[in-house]
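Here the structure is laid out as structure tokens; the discussion comes afterwards.
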Amino acid sequence: MILIHASCVAVDGIGVLIRGGSGAGKSDLALRLIDDGAVLVSDDYSEVIEEGDGLIATAPALIAGKMEIRGFGIASVPFTPRAVIGLVVDLAPWGQIPRMPDETTCSIAGVVLPWLTIDPATVSAAAKVRVVLGQAARRQNWRTASGA
């Protein structure tokens, strides 16, 4: 098991691991995805476990079903206990993100995963996650709740 400084949500049943430092916008982006139908897996820290040829994200027991909402505090939200990771999202300021990146995959524990770097403050951040996840799902022939 690897503990990663990342939030995770399940979008149409597929895990999106959102990595970034403290205050980078992980919880905010996760909340926008949840507001559009995703389900929380974990907030701020995720346990990642190798299973078969993929990776599973779960929440540490102490924070399962809890989410930080800046300006409010800790809130209890509906959650799913685990999700197969289908996309890794790294958060960065707009000016540090290449328009056409050379790499669109990353590796965690030797597992190669689709990868996206976005500025979470942009209005389109959640939409970008959904589009790239849909592209990855089609490439991998995954079945999702929305049929992506």
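The values are calculated or read from the model by the stated rules, or taken from the named source; none is laboratory data. Computed from a prediction, not measured in an experiment: that's the story for all the values here. Glycine gets a Cβ as well: all are built from the backbone with ideal geometry, and neighbour counts include every protein chain shown.
A few points about this structure:
- Filtered residues of the range 98-118 (kept if farther than 16 Å from Leu31 by Cβ and either part of a strand (DSSP E or B) or touching a helix residue (DSSP H, G or I) at 6+ places or on another chain (Cβ under 7 Å) (or both)): Thr105, Cys106, Ser107, Ile108, Val111, Val112, Leu113, Pro114, Trp115, Leu116, Thr117
- Evaluation of Val39 against (1) among the hydrophobic types (A, V, I, L, M, F, W, C); (2) over 13 Å from the mean Cα position of the chain (by Cα); (3) surrounded by fewer than 20 Cβ atoms within 10 Å (Cβ to Cβ) (one fails), failing number: (2)
- Test: residue in the range 99-121 that is more than 16 Å from Arg19 (Cβ to Cβ), surrounded by 16 or more Cβ atoms within 10 Å (Cβ to Cβ) and under 17 Å from the mean Cα position of the chain (by Cα): no
- Listed by first and then second residue, the pairs with beta-carbon distance under 6 Å, at least 6 apart or on different chains, first residue in the range 44-61 and under 18 Å from Val112 (Cβ atoms), second of a type in the set (Gly, Ala, Ser) and exposed (fewer than 15 other Cβ atoms within 10 Å of the Cβ), are Glu50/Ala109.
- Restricting Ala83, Ala30, Ala92, Ala10 to those that are at pLDDT 95 or above, of a type in the set (A, V, I, L, M) and more than 24 Å from Ala121 (Cβ to Cβ) reduces the list to Ala83.
- Residue tally, condition surrounded by 16 or more Cβ atoms within 10 Å (Cβ to Cβ), over 10 Å from Leu17 (Cα atoms) and not β-branched (Val, Ile, Thr), over the range 46-63: 3
- Sole residue being assigned to a strand (DSSP E or B), closer than 27 Å to Gly110 by Cα and under 12 Å from the mean Cα position of the chain (by Cα), chosen from Leu17, Leu3: Leu17
- On inspection, Asp44 fails the criterion of being in a loop (DSSP other than H, G, I, E, B) and either of a type in the set (A, V, I, L, M, F, W, C) or closer than 23 Å to Gly134 by Cβ (or both).
- Candidate set: the range 20-36, residues that are part of a helix (DSSP H, G or I) and not acidic (Asp, Glu); chosen: the one surrounded by the fewest Cβ atoms within 10 Å (Cβ to Cβ): Arg32
- Tallying residues that are farther than 26 Å from Leu133 by Cα and not in a loop (DSSP other than H, G, I, E, B) within the range 55-75 yields 5.
- Screening Trp94 with (1) out of contact with any helix residue (DSSP H, G or I) (no Cβ under 8 Å at 6 or more places or on another chain); (2) under 25 Å from Gln135 (Cα atoms); (3) buried (at least 16 other Cβ atoms within 10 Å of the Cβ); (4) not β-branched (Val, Ile, Thr) gives one miss only, at (3).
- Residues within the range 32-51 that are hydrophobic (A, V, I, L, M, F, W, C) and touching a Ser or Thr at 6+ places or on another chain (Cβ under 9 Å), tallied: 5
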